[in-house]
Amino acid sequence: MQYHTPPSFEEASRIAASASGTTRFLAGGTDVLVQLRSDLVTPDDLIDVKHIPGVKEIARQEDGGWRIGVAVAGAEMTEHPDLGRDWPGIVEGMDLIGSTQIQGRATLVGNLCNGSPAADGVPALVAAGASVTVTGPNGARDVAVADIPTGPGKTCLEKGEVISALNIPARGENGGDAYLRFIPRTEMDIAVVGCAVNLRVDGDTITEARVVLGAVAPTIRAVQACADALIGTTLDDAALEALDKAARAACEPIDDKRGTVEFRTDVAGVLARRAAKIAYARAKGEQS
Amino acid sequence: MVQVHLWSGLRPLVDGREVVEVEGETVGQLLDNLVKDYPGLKPAIDKGVSISVDGQIIPKSRGVKVKDSSEVFLLQRLYAG
Amino acid sequence: MALDGPKQDFKYIGTRPERPDGWDKVTGKARFGADFSMPGMLHGAILRSPHAHAKIIKIDATKALALKGVKAVVTRADFPEGLEGEDWNIQENVMAGEKALYDGHAVAAVAATSQLIARDALKLIEVEYEVLPHVTDVDKAMAEDAPVIREGAADYSVPEGMHPNVVRYMESGRGDLEKGFAEADLVIEESFTTEAAHQGYIEPHACVANLGADGKGDLWCCTQGHWFVRQMCTAVLGLEATQLRVTPSEIGGGFGGKTTVFIDPVALALSRKAGRPVKLVMSRSEVLRATGPTASASMDIKMGMTKEGKITAASGTFRMQGGAFPGAPVDVTTMLAFANYDIEHVHHVGYDVMTNRPKQAAYRAPGAPMGAFATESVLDELCRGLGLDPIETRLKNAVKEGTPATFGPKFPPVGLIETLEEARAHPNYSVKLGPNQGRGVASGYWMNWGGETSASVAIGDDGSVQVSIGTVDIGGSRASMALMAAEAFGIPYENVRVSIADTGSLGINEPTHGSRATFASGLAIIEASREATRKLCQRAADKWGIDADAVTWEDGCAKPSGPNAGEFDPLTIAEIAAEMGSTGGPISGHHESTPDGFGGSFGTHVVDVEVDPETGRTTILRYLVVQDAGKAIHPAYVEGQFQGGAVQGIGWTLNEEYIYGEDGRLQNPIFLDYRVPVASDLPMIDTVIVEVPNPGHPYGVRGVGETGITPPLPAIANAVRDAIGVRMKKLPLTPPRVLAAIKARD
Ligand SMILES: Cc1cc2nc3c(=O)[nH]c(=O)nc-3n(C[C@H](O)[C@H](O)[C@H](O)COP(=O)(O)OP(=O)(O)OC[C@H]3O[C@@H](n4cnc5c(N)ncnc54)[C@H](O)[C@@H]3O)c2cc1C
């Protein structure tokens, strides 16, 4: 195994492009090192991105959006004074990952690129309309977070491509987001169902909404029917019921040791309702 | 003679008796005489049993004294956890 | 053994000093199993069967042996033949013979110069299997068409006509069930199941073995009992007992699962073959797949009660599987199922059944929690059906000194009633519950254990005391041992040092199991200390020129026993010790016995839960453990045992389970999916220590380690029943199961 510490994303991309065996980027390592130690994946080339300048920064952009470095750990996001005020759902999704120890290492980009349909950091990013900057042999391009995962453990990144930044849009007025997941315990578990809701209100009425479900299909799933159930409503009982129904209808889960099809479907509806209520209260400034 | 109470799984081995009488002043003598007087009990006793004397469970000690008036039960062999 | 009756007034006993091993453990200085290494040491790895049941046609290690760095490969052919009984079972379990009997069963092992090479070498060993039909469920394993795990494994007790997988049968009871049930105003009959749960110790099994061709060897390992390890390893390898010296490391939990061996004989065999020391450390998935969880159970219970709350009759059938070997703890399950209560008509039937699962190992009160789950659930239903309070009803039926136990003999002094009264008086029992909340009560029993014990004390030349015991310190027992020695010598706790001796340094000691260490090693230390103080008195008597009978030992000093003995200033232990070389030589004390006076411990738990009606998730809101400790030597560590038992019970009840796929392979061999409770799942566990002295111990001690896991399963299930209005009869109470029950109710 070769261990690399490239000084730039261009160099990281070059190493990855010319590597012949299994390649992994090393951010927090909380997936990569675990897979290595349990003999699941032993990379031939391990490319550590933490030595590239700027990867630890959380920067407010001119338009009010955010640029998050690819090595920013969960704890650094949670402790940031402003990020969580804009995007509490994104921060709480990331904060659910692992334990205090894991929070000191794990990154959002790692969570995304690991490609798990149950990744806790990703639904709120998709609901927020976030994108990533990808640096590759042919230069840099921006890709919607929603388009990165293509199946369990798979992403659309080509050989030699590395994510060089995470971009979160400006929050804007009267918006709120939230993420909830269901696990049997209180931590150290994989989401049986996850749900992020991001919405905007005008007075009491919801004007924009995105609802994203995790762990109920091969990839994280943005559900337009759920959004439609919310838009134009004041989140009354009828809207919640319609949301619940749309969320269940969008589920194509598997039956496994972590949950049955029936259970996952039921809980998707429950979490959608609960997350929508929190996001709505946040959008109205009634809850932080 | 000491009255020894048997658990019901043992009763078929001694013609259905719930209680058998044997001589003995110690746990060890009781066990030896049980095998001698009631050969049907041999496989069970060979496999290992515990005995209780006046409420105290004796997993092993053969030297514990027994009186004719003692309350004695044969118990399934016990293990520690 | 003649004892003077438990002592009551104490100076050190009952205080809460820091544990002597605490600093080393929190600073990382303590050495656990995997922390040991030796010059020239090789690393071992074990190849495990991917099949639940398969004939081993051929094992070819040629390619593995050709890999650079590989020094030895062993298979069953490297172990002696002709073993019988449990020795054979252990040998067969640590290295498969003709058949692989479960997913994870060891089939070969490698020793190499590095861990990585050893693991690579495993991939080069070619094993040809003929896959056989398998069975992992206890009820299916008893069915007529079930595949046979092994012919001829049944013992004398199994009636004719049963499936060969049924290897032991028990039946016990008394009275006339029909009459008893006829006297009842309400009779309830229900069936229950529990899944296998693993002990879940944090430290995986680890050892370093060094065995020469001359049959002399050393083994350093993580174990609850190194003499058991010595006995098992020497039997499995055909060695002479005392030629193998076993030294225990510090231990990161055992809970019964480290009273047997899994990797130690394999490491010894590799070492013997390679001619070098070999280290073997299990991974977590090896621990879950190939060490012993507890048994799983399928049970039918019938109980009757009068409207006043008197139990009139009870019967239970208990079917338990303990993996591919005899040994499911069904004897204890049957014996203790109804042991809390005074019942005239009672009957138990038990089956020990083999399946294609790992060989079960002891787990904290082995066998008792499953039975308690079923019987205390039915008792709760009876109370509900008749509108009775669960604690009052238990008090009405509770056993006390002189009550004939459901398993036969009359009880010696026991503390069930006291625990129920304390539970009833505790503020937790009267907290008002909100919506979706429920309260559950259950009691449980464990009879504890004595076991072979040998311990020594030796006086240092400054008057401090060295205690050597043979029971490893799992839950802070060094502190308790030091307190008992301090009490017996009348010297400060800090002046006592407790070491765990290796198998070469003391007589045989059974493991730290059966809740026996504080009881049995403690008793031995008190007796050994008394022997030493008699010698100290003799030295003082010699010095004063008086009779030893005229000297007493008090507060760390020899004193003339009365005015007639003469006028002498007391001699401190330090003063006598300073001169001991010239007054007759070193002073020590020793005691060995297999004490029988262990007293059982009853406990009562009260738990409040809240169940999310939309997801079926259960949160433990409050948890109270009340238990009889006889005498709490170190109350903080007694409370720790109570809390630990409750927490393991919470795990077993809510989320922990062995999940086998259709292919017979374990689906969840990692802590991610084998869900033990994490700290944030738990409230602070409240504790109340009841002290009903045990007449069989000089200070009144009862073991406390195991009882605590017996009531949680039913207590929590009863609380969930209270919250959701549905009786859950299958453990664990996972959210999908609870939600399905709620939906079926509505
Ligand atoms: C104990 C424990 C608990 C956990 N709990 C949770 C949980 O609750 N929820 C959850 O969702 N996950 C959980 N995880 C998984 C893991 O912590 C997360 O997925 C984490 O976010 C991964 O981030 P990382 O920085 O550690 O990634 P790494 O392990 O460093 O990398 C993960 C993947 O991302 C790729 N990658 C990393 N950086 C880049 C880049 N810049 N460009 C392209 N590819 C890249 C790597 O090649 C690799 O495939 C847990 C893990 C552990 C060990």
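Quick look at the numbers
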{"read-out": "Residue check, A:Gly29 near the ligand (Cβ under 8 Å from one of its atoms), away from every other protein chain (no Cβ under 14 Å) and part of a loop (DSSP other than H, G, I, E, B)", "value": "yes"}
{"read-out": "Given (1) within 30 Å of C:Leu739 (Cα to Cα); (2) within 12 Å of the ligand (Cβ to nearest atom); (3) assigned to a helix (DSSP H, G or I), number of the condition A:Leu112 does not satisfy", "value": "(1)"}
{"read-out": "Lone qualifier among A:Thr219, A:Thr234, A:Thr207 - being out of contact with any helix residue (DSSP H, G or I) (no Cβ under 8 Å at 6 or more places or on another chain), part of a loop (DSSP other than H, G, I, E, B) and away from the ligand (no atom under 16 Å from the Cβ)", "value": "A:Thr234"}
{"read-out": "Positions within segment C:641-684 being within 8 Å of another protein chain (Cβ to nearest Cβ), closer than 30 Å to C:Ala54 by Cα and out of contact with any Lys or Arg (no Cβ under 7 Å at 6 or more places or on another chain), in sequence order", "value": "C:Leu672"}
{"read-out": "Count of residues meeting criterion [hydrophobic (A, V, I, L, M, F, W, C), open to solvent by 10 Å² or more (accessible area, probe 1.4 Å) and in a helix (DSSP H, G or I)] in segment C:414-434", "value": "2"}
{"read-out": "Selected residue [within 30 Å of A:Ile102 (Cα to Cα) and either modelled with pLDDT of 95 or more or open to solvent by 40 Å² or more (accessible area, probe 1.4 Å) (or both)] from C:Val609, C:Val688", "value": "C:Val609"}
{"read-out": "Some residue of segment C:374-385 being assigned to a loop (DSSP other than H, G, I, E, B) and closer than 19 Å to C:Gly708 by Cβ", "value": "no"}
{"read-out": "Search result, residues across segment C:435-455 that are outside any loop (DSSP other than H, G, I, E, B) and open to solvent by less than 30 Å² (accessible area, probe 1.4 Å)", "value": "C:Gly438, C:Gly440, C:Val441, C:Ala442, C:Ser443, C:Gly444, C:Tyr445, C:Trp446, C:Thr453, C:Ser454, C:Ala455"}
{"read-out": "Which listed residue is open to solvent by less than 40 Å² (accessible area, probe 1.4 Å), at negative phi and of a type outside the set (D, E, K, R), from C:Ala141, C:Ala213", "value": "C:Ala141"}
{"read-out": "Qualifying residue in segment B:58-71 (condition: outside any helix (DSSP H, G or I) and acidic (Asp, Glu))", "value": "yes"}
{"read-out": "Segment C:580-607 residues that are part of a loop (DSSP other than H, G, I, E, B), paired with ones that are crowded, with 20+ Cβ neighbours inside 10 Å and among the hydroxyl-bearing types (Ser, Thr, Tyr) (beta carbon under 9 Å, 6 or more apart)", "value": "C:Thr594/C:Thr453; C:Pro595/C:Thr453; C:Phe598/C:Ser515; C:Gly600/C:Tyr445; C:Gly600/C:Thr707"}
{"read-out": "Number of positions in segment C:518-530 that are open to solvent by 10 Å² or more (accessible area, probe 1.4 Å) and within 13 Å of chain B (Cβ to nearest Cβ)", "value": "0"}
{"read-out": "Test: C:Val738 is over 25 Å from C:Thr375 (Cβ atoms), in contact with a Gly (Cβ under 6 Å, 6 or more places away or on another chain) and open to solvent by less than 10 Å² (accessible area, probe 1.4 Å)", "value": "no"}
{"read-out": "Selected residue (criterion: farthest from the ligand (Cβ to nearest atom)) from residues of segment A:51-68 that are open to solvent by less than 70 Å² (accessible area, probe 1.4 Å) and closer than 16 Å to A:Gln103 by Cβ", "value": "A:Ile58"}
{"read-out": "Residue within segment A:120-137 that is within 7 Å of the ligand (Cβ to nearest atom) and either at pLDDT 95 or above or crowded, with 17+ Cβ neighbours inside 10 Å (or both) present", "value": "yes"}
{"read-out": "Yes/no for C:Glu195 being out of contact with any helix residue (DSSP H, G or I) (no Cβ under 7 Å at 6 or more places or on another chain), touching a residue at least 40 places away in the same chain (Cβ under 8 Å) and within 14 Å of another protein chain (Cβ to nearest Cβ)", "value": "yes"}
{"read-out": "Filter result (under 25 Å from the mean Cα position of the chain (by Cα), within 25 Å of C:Val70 (Cβ to Cβ) and not acidic (Asp, Glu)) within segment C:245-283", "value": "C:Val261, C:Phe262, C:Ile263, C:Pro265, C:Val266, C:Ala267, C:Leu280, C:Val281, C:Met282, C:Ser283"}
{"read-out": "Only listed residue being out of contact with any strand residue (DSSP E or B) (no Cβ under 9 Å at 6 or more places or on another chain), open to solvent by 10 Å² or more (accessible area, probe 1.4 Å), more than 9 Å from the ligand (Cβ to nearest atom) and away from chain C (no Cβ under 14 Å), chosen from A:Pro152, A:Pro169", "value": "A:Pro152"}
{"read-out": "Residues being open to solvent by 10 Å² or more (accessible area, probe 1.4 Å) and either near the ligand (Cβ under 8 Å from one of its atoms) or within 14 Å of chain C (Cβ to nearest Cβ) (or both) - total across segment A:79-102", "value": "8"}
{"read-out": "Matching residues, segment C:221-245, being within 19 Å of C:Ile90 (Cα to Cα), touching a Ser or Thr at 6+ places or on another chain (Cβ under 7 Å) and not aliphatic (A, V, I, L, M)", "value": "C:Cys221, C:Cys222, C:Gln224, C:Gly225, C:His226, C:Trp227, C:Phe228, C:Arg230, C:Glu240"}
{"read-out": "Number of the exception - C:Thr223 against (1) among the hydroxyl-bearing types (Ser, Thr, Tyr); (2) within 14 Å of chain B (Cβ to nearest Cβ); (3) closer than 24 Å to C:Gln115 by Cα", "value": "(2)"}
{"read-out": "Within segment C:1-118, strands (runs of 3 or more DSSP E) holding 3 or more residues that are open to solvent by 50 Å² or more (accessible area, probe 1.4 Å) and not assigned by TED's automatic domain parsing to the domain that holds C:Glu487", "value": "C:54-60"}
{"read-out": "Number of the exception - A:Gly194 against (1) within 22 Å of A:Ile47 (Cβ to Cβ); (2) of a type outside the set (S, T, N, Q); (3) within 14 Å of the ligand (Cβ to nearest atom)", "value": "(1)"}
{"read-out": "Matching residues in segment C:721-746 - criterion: being hydrophobic (A, V, I, L, M, F, W, C) and in contact with an Asp or Glu (Cβ under 8 Å, 6 or more places away or on another chain)", "value": "C:Ala723, C:Leu731, C:Leu739, C:Ala740"}
{"read-out": "Options A:Arg105, A:Arg24: the member that is assigned to a loop (DSSP other than H, G, I, E, B), more than 16 Å from A:Leu166 (Cα to Cα) and within 12 Å of the ligand (Cβ to nearest atom)", "value": "A:Arg105"}
{"read-out": "Qualifying residue in segment A:228-251 (condition: at positive phi and away from every other protein chain (no Cβ under 13 Å))", "value": "yes"}
{"read-out": "Residue match in segment A:26-38 (condition: at pLDDT below 95 and either of a type in the set (Lys, Arg) or in the same structural domain as A:Arg221 (by TED's automatic domain parsing) (or both))", "value": "yes"}
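The values are calculated or read from the model by the stated rules, or taken from the named source; none is laboratory data. As the structure is a computational prediction, the values presented were derived from the model and not from experiment. All Cβ positions, glycine included, derive from the backbone under ideal geometry; neighbour counts span all protein chains shown. Note: accessible area is taken over every heavy atom of the protein model, side chains too, but ligands, DNA and RNA are not part of it. Shrake-Rupley method; radii C 1.70, N 1.55, O 1.52, S 1.80 Å.
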